[in-house]
Amino acid sequence: MLPIGKRERLFCMLAASLPDLDGLGILISEVQYWRFHHFAGHNLLFGLALSAGFAVFSSRRTLSFIAYLVCFHLHLAMDFVGSGPGWMIHYFWPLSDRGYKTDFCWPLDSWQNRVAFGALLLMTIAIGFWRRITPLEMIAPRLHRQLVGAASPRADGTE
């Protein structure tokens, strides 16, 4: 496990999630959704800016920057193969409109995505029990304490 704190773990979670802000065009219209999703938030420039912005507020800036960039690219990799046929990643946008896609992909509502979700959920639960860390530690601290308190107590009696 990386030697990072609560804030950095929150930033990792955000770096892996915020690329989908470009999907908010759906609130305006379906046309805007199809026009901007996988463009504005799914590109190298956004990933670098997001990672650098979070790194400024991190204690171990270089390590954290790399971790944020990895989390961001994990999102892109999962979208690349798991968003369905026809979806492209416009990785070099706004410098280039060229989109990248693969024939090795599956629909969004597929068993592969369900297995990936289940595996990541089980890993999150295992980390909660093993390390007493949950994704809620910064956004809902009281619920986090309740969840880790429900886990089996440590042998030394500490939390």
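Okay, here's what the table says:
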quantity	calculated
Some residue of the range 92-105 being of a type outside the set (Gly, Ala, Ser), free of Cβ contacts under 8 Å to residues at least 24 places away in the same chain, open to solvent by 50 Å² or more (accessible area, probe 1.4 Å) and farther than 19 Å from Phe36 by Cα	yes
Filter result for Phe72 (aromatic (Phe, Trp, Tyr), out of contact with any strand residue (DSSP E or B) (no Cβ under 8 Å at 6 or more places or on another chain) and not in a loop (DSSP other than H, G, I, E, B))	yes
Checklist (1) in a helix (DSSP H, G or I); (2) under 17 Å from His42 (Cα atoms); (3) out of contact with any Ser or Thr (no Cβ under 7 Å at 6 or more places or on another chain) applied to Ile127, failing item	(2)
Scan of the range 19-37 for residues that are closer than 17 Å to Leu69 by Cα and open to solvent by less than 40 Å² (accessible area, probe 1.4 Å), ordered by number	Pro19
Tyr33 being among the hydroxyl-bearing types (Ser, Thr, Tyr), in contact (Cβ under 8 Å) with a residue 12 or more places away in the chain and touching a Leu at 6+ places or on another chain (Cβ under 9 Å)	no
Complete set of residues in the range 55-87 that are more than 13 Å from Cys12 (Cα to Cα), aliphatic (A, V, I, L, M) and open to solvent by 70 Å² or more (accessible area, probe 1.4 Å)	Val56, Met78
Residue within the range 3-23 that is under 17 Å from the mean Cα position of the chain (by Cα), under 26 Å from His144 (Cα atoms), in a helix (DSSP H, G or I) and β-branched (Val, Ile, Thr) present	no
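The values are calculated or read from the model by the stated rules, or taken from the named source; none is laboratory data. Predicted, not measured: the structure shown is a model, and the values here were computed from it. Counting neighbours? That spans all protein chains shown, and the Cβs are built from the backbone with ideal geometry, glycine included. Calculation scope for accessible area: heavy atoms of the full protein, side chains included, ligands and nucleic acids excluded. Shrake-Rupley method; radii C 1.70, N 1.55, O 1.52, S 1.80 Å.
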